[in-house]
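First up is the structure itself, then whatever we jot down about it.
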Amino acid sequence: MELVDIQDLKSWGSNAVPVQLRPRVHIDADGNPSVPLIDGHCHLDMVVERGLSADEITQGLEENGVVSLVEIGADKQAMLWARTLAHTACRFEVYYTIGHHPGEAATADAEFGLKFIDENKNDARFVAVGEIGLDYYYHKDQSEIQKKVFTDFVRAARRVNRGIAIHTREAHADTMEILRREAHGLKILIHCFTGNAQEMADFLSLGAFISFSGIVTFKNAAALQEAAKICPEERMLVETDAPFLAPVPFRGKVNQPGYVRHTLNFLAKLRGVEANTLAAQCVNNTHEFYSIV
Ligand SMILES: [Zn+2]
């Protein structure tokens, strides 16, 4: 498969010190070293589109002690970009997913993604199928095609032995139904979880991991915060979903992977635990879901 003409990725890799040679110690507000973090879900291609340079993104990562990230390839262009980035970036570690965003179910070519999954099944940097799922907030009229594409990608994940990263919005019942029917035995991650405690309990009953984004830091997110308080720590992840949903105090700005530190700190405070303890647990959970060794 040929690489389409994607954004010049040289600046991510050239003249750069390999990540393992760079200092990894981030100091928190109390002067203590922080546990290095991973951003469990971001769209760097769209961050770049919104005007941030590779250097600014890298600086944000370093300032916040974020050493790796998972880049989401949920349409044709993005998956090509994500795979290239994962194999060229050397200032931080990059892993990638291959999926099909439910918002594109009716408009884009899902066959390309399904083929791309099979073609890259031996690539260790390809760590999950996603994001896939259902979005009835924007696209309820396309629910039938969304369900079909979602199901096709869950089956593809089973073929290549990867977990599935789920996008679900105002589609809880149908998402649960498909997961119950199709995802038995697969690792499941609910990306950018925005539901309440009951919905979280439903997903946990399937053995899913729950990933919290900057939304949890918003003032009007009381029900989500209640869920985040009681989420079992061995199931929790943090992510940015950059460029969207920047956490407080950057709400409304272009989000970037370094900001995952702010969401982590917020969650630690909310739960009344040490940030480093929660960080270590979230990193472990991220590695477990994505099978990153
Ligand atoms: Zn996303």
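The values are calculated or read from the model by the stated rules, or taken from the named source; none is laboratory data. Just so we're clear, the structure is a prediction, and the values are computed from it rather than from any experiment. Cβ atoms come from the backbone with ideal geometry, glycine included; neighbour counts cover every protein chain shown.
Every residue, every condition in (1) in contact with a Pro (Cβ under 8 Å, 6 or more places away or on another chain); (2) farther than 28 Å from M46 by Cβ; (3) part of a helix (DSSP H, G or I), yes or no:
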{"site": "E226", "(1), (2), (3)": "no, yes, yes"}
{"site": "T240", "(1), (2), (3)": "yes, no, no"}
{"site": "F244", "(1), (2), (3)": "no, no, no"}
{"site": "G252", "(1), (2), (3)": "no, no, no"}
{"site": "H262", "(1), (2), (3)": "yes, no, yes"}
{"site": "N265", "(1), (2), (3)": "no, no, yes"}
{"site": "V273", "(1), (2), (3)": "no, yes, no"}
{"site": "C282", "(1), (2), (3)": "no, no, yes"}
{"site": "I292", "(1), (2), (3)": "no, no, no"}
Taking the range 236-261 and keeping only residues that are more than 16 Å from the ligand (Cβ to nearest atom) and either surrounded by fewer than 21 Cβ atoms within 10 Å (Cβ to Cβ) or modelled with pLDDT under 95 (or both), one is left with V248, P249, F250, R251, G252, K253
Residues of the range 34-72 classified as of a type in the set (D, E, K, R), buried (at least 22 other Cβ atoms within 10 Å of the Cβ) and away from the ligand (no atom under 14 Å from the Cβ), total = 0
Scanning the range 143-177 for residues that are under 17 Å from the mean Cα position of the chain (by Cα) and not in a helix (DSSP H, G or I), the one surrounded by the most Cβ atoms within 10 Å (Cβ to Cβ) turns out to be A165
Count of the range 118-142 residues which are farther than 20 Å from A105 by Cβ and either surrounded by fewer than 22 Cβ atoms within 10 Å (Cβ to Cβ) or touching a helix residue (DSSP H, G or I) at 6+ places or on another chain (Cβ under 6 Å) (or both) = 8
Would you list the strands (runs of 3 or more DSSP E) that sit entirely within the range 31-112 and hold 1 or more residues that are under 14 Å from the mean Cα position of the chain (by Cα) and more than 27 Å from V273 (Cα to Cα)?
-> 66-73, 93-98
Extreme residue, nearest to D174 (Cα to Cα), among residues of the range 85-135 that are at pLDDT 95 or above and hydroxyl-bearing (S, T, Y) = T97
Residue hits (the range 267-289; crowded, with 21+ Cβ neighbours inside 10 Å and either under 14 Å from the mean Cα position of the chain (by Cα) or free of Cβ contacts under 8 Å to residues at least 60 places away in the same chain (or both)) are L267, L278, C282, V283, N285, T286, F289
Go through the range 146-196 and give me each residue that's among the small types (G, A, S) and closer than 26 Å to C42 by Cβ.
-> A156, A157, G163, A165, A171, A183, G195
Which condition does K187 not pass, out of (1) farther than 19 Å from L278 by Cβ; (2) within 16 Å of the ligand (Cβ to nearest atom); (3) in contact (Cβ under 8 Å) with a residue 40 or more places away in the chain, if it passes all the others?
-> (2)
